[in-house]
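Reviewing the structure listed below.
Any read-out appearing in this document is the output of simple, stated calculations on the displayed coordinates, not a laboratory observation. Worth saying up front: this structure is predicted, and the values here are computed from it rather than measured. Cβ atoms come from the backbone with ideal geometry, glycine included; neighbour counts cover every protein chain shown.
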Amino acid sequence: MADRGAGTTNGECPAITEPDGFLPSENEVFPISGRRFQEEFDEDIRATLDLNTWSVGSDLHQEYRRIEREVGEAERLECIQEKKIRQELFPLLAKLPNMPPNAGAHQADPEAIRAIHRGLLFNGGVEACDGTIQIHDSLPLTIYQIGVSLVSYRGDQGTWAQRLFRRDLRQKGAEVEEWIEFLERRANRDPSTRPPGEEGLGALVQKALLDYAERAILLRRSQSVWRIGHGNPITYELLTGGGNLELMVEATRMLRELLENHQKVVFISNEPRDRLFLTIGQALRPMEYAIVGRLDDRLKTWIHQERFTAGPSAMLSWDEECVSPAEWIPRFLERVASKIVVGVFRATLLAPTQVFYAHEDHSEIAAHLALADCMLREQGTSLLLGIARHVCDSVFGDNLEMLASSAYAAAGAYRRGFSARSRRIR
């Protein structure tokens, strides 16, 4: 029997120095090295795993002192960093490559804010749109309800709804093979049974349809001069059609009308996930904004256009020019997304950093419009978008659940109605 202590010191393997490649590099199996963990948390990961370093129970006094110390130190360093960002980075923004003409940090003009309040916001010259999806999911039937609202400060409002019904059983007298196929199809409706990345008709299409509806309502139902939308105007789901070629084509054509032709639209997103944008935004003072780039630069980082590989006969028409599906999205990014600027702003002292998107020819007034609307709330988020969301909640709150349950009761299928799952997306 082999000596377990052979080649060891006191029964333990000799220490291995990490710089000589003990842990794989970032492009190998383990992308997070022990050194990186220690740099981020100021603690060796083995010390973290050692239960002897864990506290028993919860000593609130001691924990509060540590959290207070950590927060204080982090805030001190962040304030120093914000000062450097304002002094050194802000002046450089306009000099970075592929920046819009008005890139950089700006202080809002109070006169422009007052003019927007009087001339646009409070006389109905601006409308905002928001939407929601509700799903009623039972074994024999899944119902998707998309609801969208459009509102203005003048009191005008409108709501639109679309319902989709998805059934597994659509015919009688199925053969054994068809029953097997039916059971597999029903199993694939459960997200937990699908491999990662294979969303099918689920999340991607659900979100793509909602995103399409919100932007189409802004384009084709709004009568106002300026329009406010929620989130990124060109979402991943719209750009790829949720995996559906027809939806991708119709969505990008609609976006061309909204962003290329109408142009006077601003999209406001919640606090950015991008740490770079968040860092720049945190350095802003109330009623300041910064234009930090173009949307096409952001989209190119996560679009790899091999999604649609239709044959040569499936050509698409772009301004009466035949374009292949594989060329469609790159052209859209080059000609449409490149004209959309990305900016961050802070409306009030307590407001979070928010992102706005606007056409480069109207980015200055778009930033002032976003600030003028958001400053109306103490928390500094869009009041008009909040009203649109409230209308959505009031009109579409739980009506799908009630309608579906009543329909199951009328069909004598009480237990199916009670066993159904209902959920809301955004």
Practice task
Average the reciprocal distances over every distinct pair of alpha-carbons in region 50-121, invert the result, and give the Kirkwood radius in Å.
Solution key: 17.3
Problem - Dimensions in Å of region 347-386 - Rg and Dmax from alpha carbons - result: 10.1, 30
Problem - Debye intensity ratio I(q)/I(0), log10, region 86-164, q values 0.23, 0.26 Å⁻¹ (C-alpha model) - result: -1.00, -1.10
Completion exercise
In order over region 66-76: 3J(HN,Hα) from phi, Karplus 6.51/-1.76/1.60, θ = phi - 60°, whole Hz, x for each Gly or Pro, gives 5, 4, 4, 5, 5, 5, x, 5, 4, 5, 4
Practice task
Just list whichever of K83/K339; K84/K300; K84/K264; K264/K339; K300/K339 have alpha carbons separated by over 24 Å in the model shown.
Solution key: K83/K339; K84/K300; K84/K264
Handout entry: Neighbourhood net charge (14 Å Cβ-Cβ; Lys/Arg +1, Asp/Glu -1) for E88
Key = +3
